[in-house]
1. Counting only residues that are in a helix (DSSP H, G or I) and open to solvent by 20 Å² or more (accessible area, probe 1.4 Å), which one in the stretch 1-31 is nearest to T69 (Cα to Cα)?
2. How about the stretch 32-64: which of its residues are assigned to a helix (DSSP H, G or I) and aromatic (F, W, Y)?
3. Given (1) at pLDDT below 95; (2) touching a Cys at 6+ places or on another chain (Cβ under 9 Å), where does D74 come up short, assuming only one miss?
Amino acid sequence: LPLCFPQKLWKMLESDQFRSIWWSEGGKCVAINKDLFEAEVLGSGVRQRVFNTRHIKSFIRQLNLYGFTKVQRDIQRSASLPEFLAEEAAASAHSQILYYYNPSFNRAHPWLLGMCKRR
């Protein structure tokens, strides 16, 4: 039987084959480097396709269909201008990282994976 979307996602996260997607927040969130993910997983030059799409919007739609919600990263800003500018540069690079959370998708609790059902 072919794997369903959450199972494929789990296998990717547990694999050391992908640099564009990883566990975040102690295994409670999925972190995705958007640009790298598009090239590494969805790109036209990919030899072994994991998902049946080449578009990040379609992949995100699948996440949403399986109950994942986007998590906003709250970054505290400094009052001093040099520190603020350095933080802005870091935040700009950080904005390429997307975070998604699903209470039934937790690295520490693999048995919950079966509860990740399509809406």
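The values are calculated or read from the model by the stated rules, or taken from the named source; none is laboratory data. Keep in mind it's a predicted model, so treat the numbers as computed, not measured. Please note: Cβ atoms are built from the backbone with ideal geometry, for glycine as well, and neighbour counts cover all protein chains shown. Accessible surface is based on the protein model in full, side chains and every heavy atom, while ligands, DNA and RNA are left aside. Shrake-Rupley method; radii C 1.70, N 1.55, O 1.52, S 1.80 Å.
1. Applying the filter and picking the extreme gives E25.
2. Scanning the stretch 32-64 gives F37, F59.
3. Going through the list (1) at pLDDT below 95; (2) touching a Cys at 6+ places or on another chain (Cβ under 9 Å), D74 breaks only (2).
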